[in-house]
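A.B. asks: Before I ask anything, here is the structure I am working with.
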Amino acid sequence: MIRILSFALFMFVSGCSQDKTSNAGGAPTADSDIIRKVQAAGAGDVSSVSPQALEQWFTHHTNVAVEIANACMPIRKSANAAWGDSVEGKVCTAAVGPAAFSPITVKGSGKKY
């Protein structure tokens with residue numbers, strides 16, 4: 001009897017888990033260009049990192065954060081609600097804050113007032 005209950009509990013728990021490795025289209029995000037760029041820049045395995053740790057990493061790599069935030073804009077517009085919970089969505093969300101506060105060069109007109 002205990003074996004049957006254990007098996008039923010296992011089936012229930014495994015059937016209710018979410019797939020955190022899919023993006024809006026259902027394709028694995030580990031093969032995403034965004035994920036590859038972040039991992040190539042030195043972030044490591046982003047699938048097992050918390051959003052807070054990713055955001056902290058992006059604050060030290062603002063050039064990568066800007067590039068990723070810009071690459072995420074068109075994807076974010078067409079993504080479904082579950083995309084934010086995917087690995088790609090987590091990376092894109094973590095890049096937005098540090099990208100917004102990255103330094104930019106502003107060139108003036110040269111006029112003096």
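Coordinate-derived values only; no laboratory data. Please read these numbers as outputs of a predicted model, since none were measured by experiment. Cβ sites come from the backbone with ideal geometry, for glycine too, and all protein chains shown count toward neighbours.
A.B. asks: Taking the Cα atoms of segment 20-100 alone, what are Rg (to one decimal) and Dmax (as a whole number) in Å?
C.D. replies: 11.1, 31
A.B. asks: Follow-up question, since we're still on this one. Ordered by residue, what ³J(HN,Hα) values in Hz, to whole numbers, does segment 33-42 give under the Karplus form 6.51 cos²θ - 1.76 cosθ + 1.60, where θ = phi - 60° and Gly and Pro are x?
C.D. replies: 4, 5, 5, 4, 5, 5, 5, 5, 6, x
A.B. asks: Note down the nm distance, to one decimal, between modelled labels 7 Å out along Cα→Cβ at Ala82 and at Arg36.
C.D. replies: It works out to 2.4 nm between the two label points.
A.B. asks: Moving on to the next point. If you count, for each residue, the other Cβ atoms within 10 Å and average over each peptide, how do 57-70, 81-94, 35-48 line up from highest to lowest?
C.D. replies: 81-94, 57-70, 35-48
A.B. asks: Another question, if that's okay. Using 7 Å Cα-to-Cβ label points, what is the Lys112/Asp45 separation (nm, one decimal)?
C.D. replies: 6.0 nm
A.B. asks: Here is a further query. Report the residues of segment 47-62 in range of a label on Ser102: point 7 Å along Cα→C-beta, backbone N strictly under 13 Å from it.
C.D. replies: Once the point is set 7 Å along Cα→Cβ of Ser102, 58-62 turn out to lie under 13 Å by backbone N, inside segment 47-62.
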